[in-house]
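The values are calculated or read from the model by the stated rules, or taken from the named source; none is laboratory data. The structure presented is a predicted model; accordingly, all values stated were derived computationally and were not measured. Virtual Cβ from ideal backbone geometry, glycine too; neighbours counted across all protein chains shown.
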Amino acid sequence: MGRKARVAVTRDLFDAEGKSVSPGPGPSILDKMTDVGWDKFQEYLTEVSTEQTHGFDMVISFAPYWTRQTLSASPLLLSIHRGGVGYDMVDVPACTDAGVALFIIPAAVRRPVATGIMAMMLALATRLRLKDIVTRAGKWDDGRKKYPGIGLMGKTLGSIGVGNIGHDLFRLAKPFGMKHIAYDPYITQDAIKDTDVQLVDMDTVLSQSDFVNVSCPLSEKTRHLVGGKELKKMKPTAYIINTSRGPVIDEAALVKALKEDWIAGAGIDVFEQEPASADNPLFKLENVIVTPHSIAMTDEFYITMWELIAEQIRQMIDGKKPATLVNPEVWDKPEFQNKLKKFHQEMK
């Protein structure tokens, strides 16, 4: 056998001491692959530098950004394996131009995020956060009398986006006896025939739902898709949940809507600026549940993530094209094929 495949892992997947933060085997799953050698980036940079990629065939990446500058001088790099489903932090056209394949792992994210959305909906419906606060403060009667929850039977769950995660959300919500509606211009009714979801327009989702879930990727079309005008269409008793990307909702408009009681509350896992600053006005509101873009980070997610990425790497080594390729047009580009051919020759 020739040389091993050289794989790097971005530093954000390790703690300050260099230990993996992933439950389960984590990157050590790569140790089982005798034709793979891996190492971690020595430091975390918000934007991956060209120097960090030097000498590596593949990089497993989670948090950092990949820009055209990053990819401008990475002649050996074959692929980026992103530990998630969103790829707004990666310049996809720059990847294609540089002959770099970008892979994601939708199957690892689907159930953990859908479960997280359900957890937020249930916590908002039961007013769990407020009950916890007053109970700890010894205000027993306040917890019992001032903060009644709402039942879900007969309520309407709406989703802006009903793809991978939204689809699974409605499956999980079936036993609660809710009406299900969704807006998604890229999905047909036939594609969700295994659920009881009715496709409607966005205004209907906003105006009729008691819980509005946002599950769509960030793009120029979806940036501030939900702003003040949209929030005013919601019921004053309704809640909105966003686990997709922060900029899909106009955060300033959301703060105003929550302060002025246009809506009853929100569950927010993602923010316009991340990490969110400690003085973010959302943090001061009692009718909001916030989490640090981490609702999907369960043992289930991490274990599946590493299994799927290891499978992608195995397929690349074996000359097969993994199914979760974000930029399929790169595969037949001479720049990519020449690198892939050289890689396979050196591996023999």
Those residues of the range 124-153 which are surrounded by 15 or more Cβ atoms within 10 Å (Cβ to Cβ) and among the acidic types (D, E), in sequence order: D142
Subset tally (residues that are among the aromatic types (F, W, Y) and more than 14 Å from the chain's Cα centre (by Cα)) for the range 283-323: 2
E51 over 21 Å from E311 (Cα atoms), more than 23 Å from the chain's Cα centre (by Cα) and not assigned by TED's automatic domain parsing to the domain that holds E274: yes
From the options D196, D201, D190, residue that is in contact (Cβ under 8 Å) with a residue 24 or more places away in the chain and not β-branched (V, I, T): D196
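Residue-by-condition table, conditions (1) over 18 Å from A264 (Cα atoms); (2) over 28 Å from the mean Cα position of the chain (by Cα); (3) modelled with pLDDT under 95; (4) surrounded by 16 or more Cβ atoms within 10 Å (Cβ to Cβ):
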residue: K155; (1), (2), (3), (4): no, no, no, yes
residue: D168; (1), (2), (3), (4): yes, no, no, yes
residue: G177; (1), (2), (3), (4): yes, no, no, no
residue: Y183; (1), (2), (3), (4): yes, no, no, yes
Verdict on E220 being at pLDDT below 95 and of a type in the set (D, E): yes
All strands (runs of 3 or more DSSP E) inside the range 151-200 with 1 or more residues being aromatic (F, W, Y) and either assigned by TED's automatic domain parsing to the domain that holds I240 or closer than 22 Å to E230 by Cα (or both): 179-183
Checking S20 against (1) in contact with a Gly (Cβ under 9 Å, 6 or more places away or on another chain); (2) among the hydroxyl-bearing types (S, T, Y); (3) under 15 Å from M89 (Cα atoms), the condition it does not meet: (3)
